[in-house]
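Colleague: Input: one structure, supplied below.
Values in this text are rule-based calculations from the coordinates and carry no lab data. Everything numeric in this text was worked out from a predicted model, so none of it was measured. Neighbour counts are summed over all protein chains in view; Cβ atoms, including those assigned to glycine, are modelled from backbone coordinates with ideal geometry.
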Amino acid sequence: MAKFTIFFKDKVIHSALFESGVIHIGRDNSNDLILNSLGVAPAHAAVVIKETGAVIKQLNDQFPLIINGEKVKEYSLGNNDKITLGKHTITYNTTETVVIADPTKAIDPDVHLLNQAIESKLNMPEANLQIIDGNHIGRILPMKKALTRLGRNGGGIVVIARRKDGYFISTLENNPSITVNNNPLGEKTLKLNHDDIIAIDNTSLQFFQLHQP
């Protein structure tokens, strides 16, 4: 499992854990790691995580990708590598690493808050979406990413964000046919509840948590 810790001006602003797959980094809300800065491209970089390691790739030649102070196009990430995108820094770690703290030193408040956030996410109930009509009825979509994007251009697009206090749905491309429990989503951001029914582009999906808190 890989951990990405985002810093802005030496302050921790976000941390995320990923098991595998492709992690997209950029300014656009559709990314897995979102950096809200004009110095970051809408689609800036992507990290491919496999059992053998993680490789980061630059996606936009106009926006440099800097690893440990050097510009790169592609790089095999190692523990504690620092990724610089604009004014943001992302530290990459593997969660298997164990750090024994010096009991004589005080715990940094930012580190304490970050550890609490990570623990909350690890303890957060897993959730799935199940398609309940159409050609793919019964198909299960696990909600394991920080952001899950659903829909298509012209038919409406939604993003479901996984946060420590729940799962929240909002639109990227508004469409009157996008509803939650038969109510139009519009410009709102809603927290999803167990058994909620989401309709997108004539397809209905049911949200459910695997273990209720």
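Colleague: Determine the shape class of region 21-74: with a ≥ b ≥ c the square roots of the Cα gyration tensor eigenvalues, call it rounded for a/c under 1.5, and otherwise prolate if a/b is greater than b/c, oblate otherwise.
Modeller: It is oblate, given that a/c is not under 1.5 and a/b is not larger than b/c.
Colleague: Taking 0.36 nm per intervening residue step and subtracting the Cα-Cα distance, what contour gain separates Lys11 from Ser30 on full extension?
Modeller: Stretched out fully, the Lys11 to Ser30 stretch lengthens by 4.5 nm.
Colleague: Greater than 31 Å separation of Cα atoms is the criterion. Which listed pairs, Lys57/Lys144; Lys50/Lys71; Lys71/Lys164; Lys144/Lys188, meet it?
Modeller: Violating the 31 Å Cα-Cα cut-off are Lys71/Lys164.
Colleague: I've got another one for you. Hey, for a label at Ala161 modelled as a point 7 Å past Cα toward Cβ, could you say which residues of region 14-53 have their backbone N under 15 Å away?
Modeller: Residues passing the 15 Å test: 14-16, 26-37.
Colleague: Loop-only check: which trypsin sites (Lys or Arg not before Pro) in region 5-83 are DSSP coil with at most 14 other Cβ within 10 angstrom?
Modeller: Lys9, Lys73
Colleague: Each residue of region 152-165 in turn: what ³J(HN,Hα) in whole Hz from Karplus with 6.51, -1.76, 1.60 and θ = phi - 60°, glycine and Pro shown as x?
Modeller: Each residue of region 152-165 in turn: 8, 4, x, x, x, 10, 10, 10, 10, 9, 8, 10, 5, 9 Hz.
Colleague: Could you list which residues have their amide H under 5 Å from that of Asp81, counting only those 5 or more apart in sequence or on another chain, with H placed in the peptide plane?
Modeller: Tyr92
Colleague: Okay, next question. Under 20 Å from a label point 7 Å along Cα→Cβ of Ser177: give me every residue in region 126-166 with its amide N that close.
Modeller: 130-139, 149-160, by backbone N distance to the label point.
Colleague: For the residue pair Thr91 and Glu19, what label-to-label distance in nm results when each label sits 7 Å from Cα along the Cα-to-beta-carbon direction?
Modeller: 2.6
Colleague: Counting only residues 5 or more places away or on other chains, whose amide H sits under 5 Å from the amide H of Ala54 once H atoms are built in the peptide plane?
Modeller: For Ala54, the qualifying residues are Leu77.
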